[in-house]
1. Is it true that some residue in segment B:24-44 is closer than 25 Å to residue A:165 by Cβ, in contact with a helix residue (DSSP H, G or I) (Cβ under 7 Å, 6 or more places away or on another chain), within 14 Å of chain A (Cβ to nearest Cβ) and modelled with pLDDT under 95?
2. When residue B:349 is evaluated against the numbered criteria (1) modelled with pLDDT of 85 or more; (2) closer than 30 Å to residue B:149 by Cβ, which criterion, by number, is the only one it fails?
3. When segment B:73-124 is examined, which residues are found to be in a loop (DSSP other than H, G, I, E, B) and either closer than 21 Å to residue B:38 by Cβ or over 26 Å from the mean Cα position of the chain (by Cα) (or both)?
4. Inside segment A:606-655, can you point out the residues that are touching a helix residue (DSSP H, G or I) at 6+ places or on another chain (Cβ under 8 Å), without any contact (Cβ under 8 Å) to a residue 60 or more places away in the chain and more than 29 Å from residue A:394 (Cβ to Cβ)?
5. Looking at A:210, A:182, A:202, which is the one that is in a loop (DSSP other than H, G, I, E, B) and away from every other protein chain (no Cβ under 14 Å)?
6. Identify, please: which residue in segment A:96-120 is on the phi < 0 side of the Ramachandran plot and out of contact with any helix residue (DSSP H, G or I) (no Cβ under 9 Å at 6 or more places or on another chain) and is, among those, surrounded by the most Cβ atoms within 10 Å (Cβ to Cβ)?
7. Residues of segment A:527-549 being surrounded by 14 or more Cβ atoms within 10 Å (Cβ to Cβ) and in a helix (DSSP H, G or I), which ones?
């Protein structure tokens, strides 16, 4: 098919008049059965480079994509054009996914989007035997490189697959963000016979700003005072999940129209928020960087980062989602440059901590290796055998698989990890190399913050792009700086907010009469944690009175004037009578009688000893009882404890009290930890 | 057929190898002839699949029927890629006949007519290069055969020889257990696809990761056990070894035909010299040229053989019984027919009563009642070496 013929088809199916030259070059190569790496900026029209040939091929085109939101958007768009497209991912039910697989086998589909993790699924692998395959596409191809900014272990298998494909099978890899190093790595991984097409990455409709602040509070205040002055709607990226919650509550408190989004939300809610974003339902969505990748919204007018990303590539990738319509778009980055006692800048700490915590210690690697040497183990069994967190076990597993030390083997429906005969020694040199790379990337990000020349030029150069001589679109060139200048009024509002903001505890579960509870504070975010720590571990005496005031305030906010029959407290493991004494004070103030009948039927270890939820659950499972069952039957009770971590203890007691007839169990906690596992 | 490959280029060929190895209705010989031809022309299997149709006909002698089958295989190549990726990811090895990892013994013994173009393994591949033995015999072997098996496995393990077995009951299981007991190395040849051996991979996990066991299959990876596979596996076992030890053989069945075939091919076959009271065909195999060995698996001297033979040649007390059983292997008969044909001095009733108590005899219900021998119900095995 020549370009002229192709453009006739293009008009018929997609309604576009012509291809860009770069698009046609790509498509032409694919028609010839070649392998292509396409690096073009967001908004270029990369999708058409595989969607169009897919409609012309006889069989099925499979698109591996890490972006669920993108799959949904693109499939909807294709279906509207009358193209048979579907997707397979975790957002759909197993039945829906099975139906899609069946459709693919029955040759009812032209285009199938699929998450790379699916390559581990046996139903899928089995089904691929019966599909007529025409082309394979890897979207967001930078994720296949460990040198890329968002490496995903699941893509390793896709790369292996690509290497095993027959010759003349067209393969397209696309990305909007690849440094030269990543480009070379991707080329090497896919094929020696790959053609790379690279476009210009400059985004001249951006207005780039960096705002230097002296505290976390200044960020909250600047946003409060200025966000409604920014035109259009946009995204606010906070570095952590907890911060999406705090920022979001703050805006709520000020009646600024925002919502929060993070990976902790269920699929249904996330989908609703994505739809709401498309419809400009909010001024801003406060989110971790999980949102926005691949969302097909051309008029995101601003993107604000409250924390610096890990590198200039991360930053380019994340801001790249804005302003795809080419209209002026504000790109703002906050940086708190206050130095602590050790002279380290505050906002350097979080990304540095991610690098330091990115890999577990060598000892932990050896723990996993030794456990798997002993017998075939599943993931949970590894966690139990090693007392490691799920996140750590996953990192270690991925590394060990990558290095060929263990393999993931599927027997029947279950995944087991097996040590390999003649497995190599663990190669830690690769880890150190990667760590050094990440540190130097972070240093480059700091460089961007402190830059006095064109910011866009810096980003393009960093990405290995051919840079135009002059790019003027930032606060260092032609735009007026944004400055942090807190107003007294806003400072007062923030203080009030802090005293009235209480994190909720999600513990409701089927078959238990426990309700979602309330905590007076986060453990790590305030002085509350310090006070608790002093009393518990430094013999600081009873919990101080300001905690009582705060806890009571949290209680009133959540439960108001609701009547409770009784207050019970979690029997302690190691902190003596602190919890009991505090509960007695609560009982006196609230005028709710206290009961001392909630007991441990068996000794438990302190929950903090255990690194993962399964062991925490095991530690408390069946370990609590009630001394006088008659007393609790039909009663609604407040369940008090000092610290809430995984929630395993509170949930276990909730179940036990429910089984003994309690009608309602309402948790009340002094502080909730940040980033509890599982 | 020895060529050096680097791993990546070899891996790139694997989908093509699966497509060739699992082609339906094409003989192994034909497949191997294509491979030999490619080797001679210094071409790869990829070149073959992508070469011109005319080339297939003129150069590789592919007829119209085969053409259709090969064309279908081309369309399935990418599907095989998915399968290969999954198998490699799970730690299985896929070894084409041209790979330096392929067992040289298997290639030599089975030749181009029967050597499988592709084998699947899990565990220590180096074992395929070691000197190896098989101990064969019945699934329902006598104590003495099991003792012999244990002795031979012990001796082999001491001499660093690999014990190859088929993971069946009786002699097979004893051979494997003994090899492991004496810290020797073993190859388990599966009567099924490699990825369906879940319980075995669990049971022998330690030995596999320590390099003492290699599990091997020549069948489609997901294929489940079947009688046909169990029969087809036997030639692979015989092919994988330098020496074959026979613990016990009847004068029919897999062991018998395998050994007889091996003798014709001039293989090293050692047969346990049986005691006088044993009812098996071991002596018959020795007469056909197998080397007699004692209970320890050591060769017998001429004198020892003479002594044993003189005992063996004494009249056998159970002649009538043996005659009846032998006769039954030829067909399905009534007791009366047996008495009439064999002209023995038994009543039909006595024959009926005797046959009802034989474990290898099947009663065919009806009037009059008939009898059949189990050996007859399993299809005769194909010959091993052409």
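1. Checked against the condition, which is being closer than 25 Å to residue A:165 by Cβ, in contact with a helix residue (DSSP H, G or I) (Cβ under 7 Å, 6 or more places away or on another chain), within 14 Å of chain A (Cβ to nearest Cβ) and modelled with pLDDT under 95, segment B:24-44 yields at least one hit.
2. The number of the failed condition is (2).
3. Filtering segment B:73-124 for residues in a loop (DSSP other than H, G, I, E, B) gives B:76, B:90-92, B:97-103, B:115-117, B:124.
If the condition is that a residue be in a loop (DSSP other than H, G, I, E, B) and either closer than 21 Å to residue B:38 by Cβ or over 26 Å from the mean Cα position of the chain (by Cα) (or both), then B:76, B:90, B:97, B:98, B:99, B:100, B:101, B:102, B:103, B:115, B:116, B:117 are the ones that fit.
4. Selection gives A:624, A:625, A:626.
5. Going through A:210, A:182, A:202 in turn, the sole match is A:202.
6. Within segment A:96-120, the first condition is being on the phi < 0 side of the Ramachandran plot, and the residues that meet it are A:96-106, A:108-120.
Remaining after also requiring out of contact with any helix residue (DSSP H, G or I) (no Cβ under 9 Å at 6 or more places or on another chain): A:96, A:99-100, A:103, A:106.
Values: A:96: 14, A:99: 14, A:100: 21, A:103: 15, A:106: 10.
It comes out as A:100.
7. If the condition is that a residue be surrounded by 14 or more Cβ atoms within 10 Å (Cβ to Cβ) and in a helix (DSSP H, G or I), then A:528, A:529, A:531, A:532, A:533, A:534, A:535, A:536, A:547, A:548 are the ones that fit.
Let's see how each residue does on (1) outside the structural domain of residue A:666 (by TED's automatic domain parsing); (2) surrounded by fewer than 18 Cβ atoms within 10 Å (Cβ to Cβ); (3) on the phi > 0 side of the Ramachandran plot; (4) without any contact (Cβ under 8 Å) to a residue 60 or more places away in the chain:
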position	(1), (2), (3), (4)
A:565	no, yes, no, no
A:594	no, no, no, yes
A:599	no, yes, no, yes
A:604	no, no, no, yes
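The values are calculated or read from the model by the stated rules, or taken from the named source; none is laboratory data. Just so you know, these numbers come straight off a predicted model, no measurement behind them. In this analysis, Cβ positions are derived from the backbone assuming ideal geometry, glycine residues included, and neighbour counts consider all displayed protein chains.
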